[in-house]
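What follows is a short report on a single structure.
The values are calculated or read from the model by the stated rules, or taken from the named source; none is laboratory data. Being a predicted model, the structure only gives us computed values, none of them experimental. Cβ coordinates were reconstructed from backbone atoms using ideal geometry, including for glycine residues, and neighbour counts include every protein chain displayed.
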């Protein structure tokens, strides 16, 4: 269906009054067209008169199309407000507060899609063009989505706002993921993806156990350090906003064990078939999983469900510093530009560890008892597995090394200047390692050269393009960058400074349990292991340490399945299948894979 869109730019919006749903609303733009639809008449009581005047209500009329008025959008807004409580915090917006606006906008979009029988094209390309600042939606639009005033400054913001002066929200924390291809929701706007045949897709767990066996092939082209840096970078720029339990800030365990009326509303649990070779041994029928929050779009535009990224999309070492200035200050000592650390090995002449996580000790941490504590870093997944904790520790130490050196040669600099200058250099180090060492191993020399990613040997790069959105793409976060899961080893090794193997520990025993680092000298041994242990190959094989034992609780014999999580996340994002991406890239359709 051909979509014709009419946007009217008129004078400032007059203040609109609340009315009961069902009454005609009088606003300055009430009878104006917010969106013009092509084809036979499709209308609602709110825009009946204007469409009658335009001659578009006759089903046999092939005239100019149907006008969705601002009155109709306001009516949908008031109806949605009856069901959804919208948060209006006075300071920083938490992901769960931002999600209430996303839920409201999605509810309005669903109402309009049903009322007018909108096509896929109209949902994806029509609804987002409506100027919602001319509607009551403007009352609840978060300020950083309504408009941001950027002020010049030497140091980048923690939240990523104003990295691009022309487009201040691009790449910022809590911005929606970008899309290469429109989503394929089963209902066209919100429900997780199903098969192109109209049937349900196979259970995520069935795909996991069938397509991803644990064969354990190795690839001598890379060591486990490739995995370590890859995950460290992943946690620099992708984290889907999802519901968390209010006490320990972990994913809510309210799906599998609760009746339907008591489940968390975002539940999208992973079903386990009765014949599963592993989980049937423990009578496990279900794994908890929750959908990502719906995201407001810049300008609080309407459209299909989008998810948002709680981190910044740019490489800015928020793994070390966080994405909020208030949190960054919590991580600092307040003197000498230094980050807080734990000098637990000072008497041995060894370097510091990260500070203890005391405020929410069970967040992302499996504690064997109340006297054991995980670590605190700039990103909440710092304890997700011990190797990642090592990377966090390394870059926090590097910040303090830089700040100390800068203080020695700039004795007039205060704490803030020392901190910000050390931060700038540390960010540059992370960027340089990524482009100079990590990406060449990952992509190869030819691809690096083809896309202009090779670093210059001298001079300055002047290729910045303000029209390129650095925001993370949904298919990258939900699928592509998860390739590293294939590289994961079954066990993580420790090696000596003489490059001799010492010992190893099962990966599942190091997930959310970084306690080995409290043993003097062990962190160095793990780093030597990262540089000496060969990674597994990039193939279909994935270790059972993450397909059967992920996030295993203390004393348990089973855990969760990371591959099933990947599948479930891609489906709830509405990410199209492989063939759609081949088509997008100009590649031919394949009848057979393999």
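Assorted remarks:
- Taking first residues from the stretch 388-415 that are assigned by TED's automatic domain parsing to the domain that holds residue 374 and without any contact (Cβ under 8 Å) to a residue 40 or more places away in the chain and partners that are part of a helix (DSSP H, G or I) and surrounded by fewer than 18 Cβ atoms within 10 Å (Cβ to Cβ), the Cβ contacts under 7 Å between residues at least 6 apart in sequence or on separate chains come to 398/429; 402/425.
- Filter result (part of a helix (DSSP H, G or I) and surrounded by 18 or more Cβ atoms within 10 Å (Cβ to Cβ)) within the stretch 300-326: 300, 318, 319, 320, 321
- Some residue of the stretch 549-567 being farther than 22 Å from residue 253 by Cα, outside the structural domain of residue 357 (by TED's automatic domain parsing), assigned to a helix (DSSP H, G or I) and within 29 Å of the chain's Cα centre (by Cα): no
- Search result, residues across the stretch 356-381 that are outside any loop (DSSP other than H, G, I, E, B) and surrounded by fewer than 18 Cβ atoms within 10 Å (Cβ to Cβ): 356
- Residue match in the stretch 84-93 (condition: assigned to a helix (DSSP H, G or I) and either touching a strand residue (DSSP E or B) at 6+ places or on another chain (Cβ under 7 Å) or modelled with pLDDT of 95 or more (or both)): no
- Restricting the stretch 266-284 to residues that are part of a loop (DSSP other than H, G, I, E, B) and either in contact with a strand residue (DSSP E or B) (Cβ under 7 Å, 6 or more places away or on another chain) or in the same structural domain as residue 96 (by TED's automatic domain parsing) (or both), the residue that is nearest to residue 202 (Cα to Cα): 272
For (1) part of a loop (DSSP other than H, G, I, E, B); (2) within 24 Å of the chain's Cα centre (by Cα); (3) surrounded by 17 or more Cβ atoms within 10 Å (Cβ to Cβ), each residue gets a yes or a no:
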position: 192; (1), (2), (3): yes, yes, yes
position: 206; (1), (2), (3): no, no, yes
position: 215; (1), (2), (3): yes, no, no
position: 233; (1), (2), (3): no, yes, yes
position: 247; (1), (2), (3): yes, yes, no
position: 257; (1), (2), (3): yes, no, no
position: 264; (1), (2), (3): yes, yes, yes
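- Residue pairs whose Cβ atoms lie under 7 Å apart, separated by 6 or more positions or on different chains, with the first residue in the stretch 263-287 and more than 21 Å from residue 557 (Cα to Cα) and the second outside any loop (DSSP other than H, G, I, E, B) and at pLDDT 95 or above, are 264/290; 266/290; 267/290; 268/290; 268/568; 268/572.
- Qualifying residue in the stretch 156-176 (condition: more than 30 Å from residue 286 (Cα to Cα) and at pLDDT below 90): no
- Looking only at the stretch 118-169, residues that are part of a loop (DSSP other than H, G, I, E, B) and either under 30 Å from residue 47 (Cα atoms) or in contact with a strand residue (DSSP E or B) (Cβ under 7 Å, 6 or more places away or on another chain) (or both) come to 10 in all.
- Residue in the stretch 94-117 that is surrounded by the most Cβ atoms within 10 Å (Cβ to Cβ), counting only those that are in a helix (DSSP H, G or I) and free of Cβ contacts under 8 Å to residues at least 12 places away in the same chain: 97
- Criterion (modelled with pLDDT of 95 or more and either assigned to a loop (DSSP other than H, G, I, E, B) or within 27 Å of the chain's Cα centre (by Cα) (or both)) met by exactly one of 426, 400: 426
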